[in-house]
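Visitor: My structure is below; once you've seen it, I'll send some questions.
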Amino acid sequence: MQKKNDPVENILSNLKIDALNEMQLASLDAIEHQPELILLSATGSGKTLAFLLPLVNQIDTNAKETKAIIIVPSRELALQIEQVFKAMRTGLKVTCCYGGHLRETEENNLKQPPAVLVGTPGRLADHIRRGNITTGSITTLVLDEFDKSLELGFLEEMSFITGSLTSLKKKILTSATDAVEIPAFIGLKNPARLNFLSTINEGSAGLTIQTVLSDEKDKLGTLFKLICYVGSRSMIVFCNHRESVERTSESLLQKGIMNEFYHGALEQQQRDSALCKFRNGSTNVLITTDLASRGLDIPNIRYIIHYHLPHTEEAFIHRNGRTARMDASGTAVLILSPEEKIPGYIDDATVEEIKLPETVTLPEKPKWITLFIAAGKKDKVNKIDIVGFLSNKGQLKKEDIGLIEVKDFFSFVAIRKSKASHTVQLIKNEKIKNKKVKIEVAK
């Protein structure tokens, strides 16, 4: 049977990756030869590519049916996997299914079955019940970050989905923790195991752990000083509750610290906007819950600030996995109130204490600002269209245009803040692709 998929070297070239790491090479071999695999490896170690590469190698590009389904705990992780898959340029169709946007959009995409499906348990189960997904052709199941799906209460939906997959030949489970019991409904018989948790964690020597002591139980004043002390480096501030996220964000804004907040109760467009602004440098500070501790692929995050101490060692590891990824360095800072101590799972001897100065100055404001454009992929708008529009109608030079992200029905683009006011005036009555659309500074 002919397989038209690019060999590994071409895919790596498309992804601008020089070579696979040890874990990825081991996964490539294990998935090719084993019907069941449990892959344990730390956040940020490259698990997505570790299962996508062998998966596409086993799909015949002449097939007209769905062959693989990837179940993930969050829409952000689903979108990230879809993005990596498309960047591989295999010629295979992928469809991403998740809550928070129109189901009809996905139904249209499913009319021509994709080779690979990726999505969250609730939305995938909904499509199966409606008959939008033909499950009989699916031979490979991937449960990515399966422990998180179980933790978030997707047990019933995952049981229904796996029970609907009657032709499975291969099951791949990935996790960044070894502490979760695998439910019986997944039906593992004799799985092979690859455990790279210890080697990856030992290899994250780029992570420095520090503490800052707060004089008061309310740590807002200390957080403000810490951000000023750190300066304009990119950082994620973790809180334990959504209410705390919004309160902390508002307090920092009032003190002059530009930031975005992110949690699970936000609408999809709000979540996309917050993450896009953080990715493109329109803000350097993201305030969030543990929702952001997995599945977000944002490079060059320098600091992880634990405003609230994580409840478990596992949560601590996942939060810190946002920085010091691969060969990069990063710093995790714990803010301790007077009655708090360094958690027992952290070796005190490896921790440095930061002494904050009494007087601080506000960090330099970001040089970028994000525009919201009410048109996206479904309107046949792409990045080249947006660059051309901003160059011709908005009089921006190439270096004035930053990261562009095109979603299904809207887009975000970073532009130089110094040019924003003039550009918005120039383009407010202009058309993209002969269509008048709303363009404004992203809220």
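The values are calculated or read from the model by the stated rules, or taken from the named source; none is laboratory data. These numbers were taken from a predicted model, which means no experiment stands behind them. Note that each Cβ is placed from the backbone with ideal geometry, even for glycine, and that neighbours are counted across all protein chains shown.
Visitor: Among the residues of the range 422-436, write down those that are more than 16 Å from D379 (Cβ to Cβ), touching a strand residue (DSSP E or B) at 6+ places or on another chain (Cβ under 9 Å) and modelled with pLDDT of 90 or more.
Guide: The answer is T423, V424, I427.
Visitor: Can you go through G119, G153 and tell me which one is within 25 Å of the chain's Cα centre (by Cα) and surrounded by 21 or more Cβ atoms within 10 Å (Cβ to Cβ)?
Guide: Result of the check over G119, G153: G119.
Visitor: Look at S273 and say whether it is within 19 Å of P366 (Cβ to Cβ) and either among the small types (G, A, S) or buried (at least 20 other Cβ atoms within 10 Å of the Cβ) (or both).
Guide: So S273 passes the test.
Visitor: Turning to a different aspect of this structure: How do the pairs read when you match residues in the range 286-311 that are assigned by TED's automatic domain parsing to the domain that holds K341 with residues anywhere that are aromatic (F, W, Y) and in a helix (DSSP H, G or I), using Cβ under 7 Å and keeping only pairs 6 or more apart or on different chains?
Guide: That search, which allows pairs on different chains as well, returns L286/F278; I298/F278; P310/F316.
Visitor: Another question, then. Return a yes/no flag: does the range 335-343 have any residue that is within 30 Å of L396 (Cβ to Cβ), touching a Phe, Trp or Tyr at 6+ places or on another chain (Cβ under 6 Å) and touching a residue at least 40 places away in the same chain (Cβ under 8 Å).
Guide: Looking for residues that are within 30 Å of L396 (Cβ to Cβ), touching a Phe, Trp or Tyr at 6+ places or on another chain (Cβ under 6 Å) and touching a residue at least 40 places away in the same chain (Cβ under 8 Å), one finds none in the range 335-343, hence no.
Visitor: Could you give every pair whose Cβ atoms fall below 9 Å, whose first residue belongs to the range 67-90 and is closer than 17 Å to V56 by Cα, and whose second residue is surrounded by fewer than 24 Cβ atoms within 10 Å (Cβ to Cβ) and acidic (D, E), counting only separations of at least 6 or pairs across chains?
Guide: Here the result reads K67/D60; I71/E157; Q80/D297; Q83/D297; V84/D297; M88/D6; R89/D6; T90/D6, each pair linking the range 67-90 to a residue that is surrounded by fewer than 24 Cβ atoms within 10 Å (Cβ to Cβ) and acidic (D, E).
Visitor: Tally up the residues in the range 146-185 that are of a type in the set (D, E, K, R) and not in a helix (DSSP H, G or I), please.
Guide: Total meeting the criteria: 5.
Visitor: OK, next. Are any residues in the range 63-89 within 23 Å of G44 (Cα to Cα) and part of a loop (DSSP other than H, G, I, E, B), and if so, which ones?
Guide: Those that are within 23 Å of G44 (Cα to Cα) and part of a loop (DSSP other than H, G, I, E, B): V72, P73, S74, R89.
Visitor: Here is a follow-up. Can you find, within the range 105-129, the residue that is farthest from T61 (Cα to Cα) among those that are assigned to a loop (DSSP other than H, G, I, E, B) and in contact (Cβ under 8 Å) with a residue 12 or more places away in the chain?
Guide: Per the stated criteria, the residue is T120.
Visitor: Now a separate question. Give, as residue ranges, the strands (runs of 3 or more DSSP E) completely inside the range 312-400 that count at least 1 residues that are farther than 26 Å from C228 by Cβ and not basic (K, R).
Guide: Hits in the range 312-400: 368-373.
Visitor: Could you check, for the range 329-336, whether at least one of its residues is in contact with a Leu (Cβ under 6 Å, 6 or more places away or on another chain), modelled with pLDDT of 90 or more, of a type outside the set (G, A, S) and under 24 Å from D215 (Cα atoms)?
Guide: Within the range 329-336 (the criterion being in contact with a Leu (Cβ under 6 Å, 6 or more places away or on another chain), modelled with pLDDT of 90 or more, of a type outside the set (G, A, S) and under 24 Å from D215 (Cα atoms)), the answer is yes, since at least one residue qualifies.
Visitor: Now for a separate question. Read through the list (1) under 19 Å from T208 (Cβ atoms); (2) surrounded by 16 or more Cβ atoms within 10 Å (Cβ to Cβ); (3) touching a helix residue (DSSP H, G or I) at 6+ places or on another chain (Cβ under 6 Å), then give the number of the only condition that T370 fails.
Guide: For T370, the failing item is (1).
Visitor: Looking only at the range 391-424, how many residues end up being within 19 Å of V437 (Cβ to Cβ) and basic (K, R)?
Guide: 2
Visitor: Just to be sure I understand the filter: pairs with C-beta atoms under 8 Å, separated by 6 or more residues or on different chains, first member in the range 155-177 and in the same structural domain as H127 (by TED's automatic domain parsing) and in contact (Cβ under 8 Å) with a residue 40 or more places away in the chain, second member among the polar types (S, T, N, Q) and assigned to a strand (DSSP E or B). Which pairs pass?
Guide: Taking only residues 6 or more apart or on different chains, the pairs are K169/T140; K170/T140; K171/T140; I172/T140.
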